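A short worksheet on the structure shown next.
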Amino acid sequence: MSTAGLFDELRDVYDSWYKENWLLAEMEVSTVARLLRKRPVLEVGVGSGFFAKRLEVENGVDPSIGMLELALKRGIEVVQGIGEKLPYRNSSFNTILLIVTLCFVDDVDEVLRESHRVLRNGGDVISCIIPRESPWGQYYLLLAREGHPFYSRARFLSVNELVDRLRKARFRVDKMLGVLSFGPLDKPRWEEPSEDIRGKGFVCIRAVKE
């Protein structure tokens, strides 16, 4: 079921998270930046364009018109569409970003297959998730059960599940980085992204189209 209507309605609430949680947001940006190595880039599920703007991403696609309006104001070249049917030709990009996107799509496997299609040979897909097994994932699942407007619509993946699905979609896992080793109720503190992803609340996996 599409979440576009929800994000249209609550776009400003969603976007305000980055300002209210700026330290967390900057650590997440830093994690993605360390894995980003090839352009041009397409962010699938670009949302309000926060990550795209910070990472100088050229293109974004999202089903929510409300979100796309915010991304457009941030200077992102945007197109309305869904990850399961990307409105781009084969082999159009060198990198696809999926930043906390897969938990909100209808069909994870189809999004990964479409990402494979629009990537050039040797291109990267960078998938970032809040691992279900992490303290952050468990906390968000609790909030979901209490009716949180966003988390109640999310389906959180485990790291192992994402790795399996990437391989099924014919990607080779190349590198993983994680951040947020502290818990969601702890005072945030700056930390560098780490290859030790155990227990991390934000994990990014770079995988290569071969």
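So in region 190-202, with the set limited to residues that are under 13 Å from VAL32 (Cα atoms) and touching a helix residue (DSSP H, G or I) at 6+ places or on another chain (Cβ under 6 Å), which one is surrounded by the most Cβ atoms within 10 Å (Cβ to Cβ)?
PHE202
Working only within region 25-70, note down all residues that are out of contact with any helix residue (DSSP H, G or I) (no Cβ under 9 Å at 6 or more places or on another chain) and not small (Gly, Ala, Ser).
Of everything in region 25-70, those that are out of contact with any helix residue (DSSP H, G or I) (no Cβ under 9 Å at 6 or more places or on another chain) and not small (Gly, Ala, Ser) turn out to be MET27, THR31, ARG34, LEU35, ARG37, LYS38, ARG39, PRO40, GLU56, LEU68.
Which of the residues belonging to region 10-25 are part of a helix (DSSP H, G or I) and surrounded by fewer than 15 Cβ atoms within 10 Å (Cβ to Cβ)?
Matches in region 10-25: ASP12, VAL13, SER16, TRP17, LYS19, GLU20, TRP22, LEU23.
Can you name the residue in region 132-150 that is at negative phi and not in a helix (DSSP H, G or I) and is also surrounded by the fewest Cβ atoms within 10 Å (Cβ to Cβ) among such residues?
Per the criteria, the residue is GLU146.
Among the numbered criteria (1) touching a residue at least 24 places away in the same chain (Cβ under 8 Å); (2) over 16 Å from the mean Cα position of the chain (by Cα), which single criterion is violated by ARG198?
All conditions pass for ARG198, except number (1).
Output the number of the condition that VAL78 fails; it satisfies all remaining conditions of (1) under 23 Å from VAL108 (Cα atoms); (2) touching a residue at least 40 places away in the same chain (Cβ under 8 Å); (3) not hydroxyl-bearing (Ser, Thr, Tyr).
(2) is the only condition that VAL78 fails.
Considering only residues of region 151-161 that are in a helix (DSSP H, G or I) and of a type in the set (S, T, N, Q), which is surrounded by the fewest Cβ atoms within 10 Å (Cβ to Cβ)?
The selected residue is ASN160.
With respect to GLU43, determine if the residue is touching a strand residue (DSSP E or B) at 6+ places or on another chain (Cβ under 6 Å) and either at pLDDT 95 or above or in a helix (DSSP H, G or I) (or both).
The answer is yes for GLU43.
Are any residues in region 162-189 crowded, with 16+ Cβ neighbours inside 10 Å and in a helix (DSSP H, G or I), and if so, which ones?
LEU162, VAL163, ARG165, LEU166
The values are calculated or read from the model by the stated rules, or taken from the named source; none is laboratory data. Keep in mind that what you see is a predicted model, and the values were worked out from it rather than measured. Glycine also receives a Cβ, built like all others from the backbone with ideal geometry; neighbour counts cover every protein chain displayed.
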